[in-house]
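A short write-up of the structure that comes next.
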Amino acid sequence: SDVCSSDLHLVIDEAHRLEDVATQHYGSSFSARDVRDLIDRLGQTDRHGDAGFVRRLQGIGGGEALALSPLAGLAPLADRLEIAVTAARDQVRPLADALRAFADEHAEEQGGPRREISLTAARRAQPAWEEAAEAALNLDLALQIVGERVTQVRDAAAALPEGVSELDRKSTRL
């Protein structure tokens, strides 16, 4: 009979590359520009000057002609979303600066620039990392508010009456 075992056996070939391989498969990376671009696409305009989600939403739900339309309720939600997007955008630079300062500090101890730094317990206990962690928390909180506001827009768009054209409904989606 076959015996199933929950024991896991791991064979490591070329163990000298273990850290690099683990980082490649289990690590993650992002750039401040990527985060900023994502946030900007939700705001008035994106990096290229194209209309962002808020501007498109204001175009659907705003204007005097639409004051009595069911779409008019989207305009205040767009305004609230824009406030949240601006607050989140303002948190990206402090995080990027704090991470850069942390990386620079460790580059000096390693004798030159280094783009990847292992976050050991000792490094996470340093003041430079604490500043980066606080900046990350501030951005996270701001993004949570953006997420809540986007959910409010989605729920409002989903609750629009059947008389509203499908084209109008599609233009309020992300």
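Per-structure values
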| quantity | calculated |
| --- | --- |
| Residues (modelled with pLDDT of 85 or more, part of a loop (DSSP other than H, G, I, E, B) and surrounded by 15 or more Cβ atoms within 10 Å (Cβ to Cβ)) located in the range 47-65 | 52 |
| Flag if residue 75 is at pLDDT 85 or above and not aromatic (Phe, Trp, Tyr) | no |
| Test: residue 68 is modelled with pLDDT under 90, more than 30 Å from residue 127 (Cβ to Cβ) and either open to solvent by 100 Å² or more (accessible area, probe 1.4 Å) or out of contact with any Cys (no Cβ under 8 Å at 6 or more places or on another chain) (or both) | yes |
| Failed item in (1) touching a helix residue (DSSP H, G or I) at 6+ places or on another chain (Cβ under 8 Å); (2) modelled with pLDDT under 95, with residue 158 passing the rest | (1) |
| Only one of 152, 144 that is open to solvent by 50 Å² or more (accessible area, probe 1.4 Å) and modelled with pLDDT under 95 | 152 |
| Selection from the range 106-127 of residues that are open to solvent by less than 80 Å² (accessible area, probe 1.4 Å), modelled with pLDDT of 75 or more and not polar (S, T, N, Q) | 106, 121, 122, 123, 125 |
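The values are calculated or read from the model by the stated rules, or taken from the named source; none is laboratory data. Model, not experiment: these values are computed from the prediction. Cβ atoms come from the backbone with ideal geometry, glycine included; neighbour counts cover every protein chain shown. Note: areas computed on protein heavy atoms with side chains; ligands, DNA, RNA excluded. Shrake-Rupley method; radii C 1.70, N 1.55, O 1.52, S 1.80 Å.
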